[in-house]
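The structure appears below as structure tokens.
The values are calculated or read from the model by the stated rules, or taken from the named source; none is laboratory data. Quick caveat: nothing in here was measured; it's all calculated off a predicted structure. Ideal geometry is used to build each Cβ from the backbone, glycine not excepted, and the neighbour counts take in all protein chains shown.
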Amino acid sequence: MSAGRVVATRAELRAALGDTAPGLVPTMGALHDGHLALIARAATENLLVVVSVFVNPTQFSDPDDFARYPRDPARDVAAAFAAGAGIVFTPEASAIYPPGAATRVEVAGPALRWEGAVRPGHFIGVATVVTILLDLVRPARSYFGEKDYQQLQVIRRLHADLALPGEIIGCPTVRDADGLALSSRNARLSPEARRAARAIPDALQAMVERAGEGETEVSALIATGEAVLRREPALAIDHLVVVDGISLEPLTTLTPGARALIAVELDGVRLIDNRELRNPRL
Ligand code: PAF
């Protein structure tokens with residue numbers, strides 16, 4: 001484990017960084033192997049890696065969801081250092097949102113549909129905190145998982161529009177052996193719901209295979225995915241869509257970079273996942 005520093009205020013963070021433009025991995029803690037893969041990659045591409053651990057209140061539309069979000073800062077700090085972080089930033093809310101804070105960052109375009117439609121204000125909270133973090137850290141590169149694919153596209157849009165520092169790097173989703181995408185929310189599933197959740201990666205895999213065989217009609221691809229999801233009655237589909245990989249607008253025919261996005265409710269837990277759909281002839 002490398003010796004690292006834990007900082008909690010803006011001033012401590014800036015003093016610890018000096019002139020260094022590090023790699024940044026923003027997180028809300030509850031670190032799992034998906035986060036650790038981001039940190040490990042950042043450590044191979046940057047001399048110094050900053051991991052932020054902040055459960056951002058402004059991105060939760062449901063106060064219960066915020067209250068129930070898992071928090072174990074001591075474990076997160078140890079795991080971040082072990083994975084290659086040099087600085088862990090663990091701010092109180094007042095260090096991110098100073099008293100009287102009244103500024104919000106709102107992205108339209110890719111933020112409007114899907115998660116943005118179901119979770120009002122969610123992407124405003126994400127865009128606001130990411131803007132503050134990128135401005136404070138001034139990273140050379142920031143790392144985000146493709147698991148939250150819409151979030152990644154919202155952040156790319158935000159980054160380009162506000163000319164925020166460094167590069168945004170999207171990293172592949174890390175999955176359990178049965179294909180379920182790692183998420184801090186998986187821990188809330190009962191054993192039975194955890195078993196049923198396998199239908200999500202199975203549905204995406206079926207769509208990937210059908211696209212690979214040459215199917216370009218989105219309605220047919222969606223029917224393929226829905227047939228797999230419907231095998232699990234406990235699983236309520238919020239959306240299963242095929243979208244343009246940058247704008248997140250729905251497609252009727254497959255185009256290069258197209259993504260299948262799934263959101264379901266299972267056992268009171270919202271689970272999301274996505275895969276790129278490639279047609280070999282496109
Ligand atoms: O993906 C997350 O964990 C959060 O949305 C992020 C990017 C750290 C902002 O709070």
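Key figures
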{"read-out": "Matching entry among R188, R141 (being in contact with an Asp or Glu (Cβ under 9 Å, 6 or more places away or on another chain) and modelled with pLDDT under 95)", "value": "R188"}
{"read-out": "Tally of residues being assigned to a loop (DSSP other than H, G, I, E, B) and either touching a helix residue (DSSP H, G or I) at 6+ places or on another chain (Cβ under 7 Å) or closer than 28 Å to G18 by Cβ (or both) across region 120-139", "value": "2"}
{"read-out": "Filtered residue count, region 181-213, keeping only those that are in contact (Cβ under 8 Å) with a residue 24 or more places away in the chain, in a loop (DSSP other than H, G, I, E, B) and within 20 Å of the chain's Cα centre (by Cα)", "value": "4"}
{"read-out": "Residue that is farthest from the ligand (Cβ to nearest atom), among those in region 115-163 that are basic (K, R) and in contact with a strand residue (DSSP E or B) (Cβ under 6 Å, 6 or more places away or on another chain)", "value": "R141"}
{"read-out": "Residues (of a type in the set (A, V, I, L, M, F, W, C) and over 13 Å from Q59 (Cβ atoms)) located in region 91-117", "value": "A95, A101, A102, A108, L112, W114, A117"}
{"read-out": "Single residue of region 140-170 satisfying the filter (in a strand (DSSP E or B) and not charged (D, E, K, R)) that is farthest from L277 (Cα to Cα)", "value": "S142"}
{"read-out": "Some residue of region 93-112 being more than 12 Å from the ligand (Cβ to nearest atom), under 16 Å from F54 (Cα atoms), touching a residue at least 40 places away in the same chain (Cβ under 8 Å) and in contact with a strand residue (DSSP E or B) (Cβ under 7 Å, 6 or more places away or on another chain)", "value": "no"}
{"read-out": "Options T224, T173, T255: the member that is outside any helix (DSSP H, G or I) and out of contact with any strand residue (DSSP E or B) (no Cβ under 8 Å at 6 or more places or on another chain)", "value": "T255"}
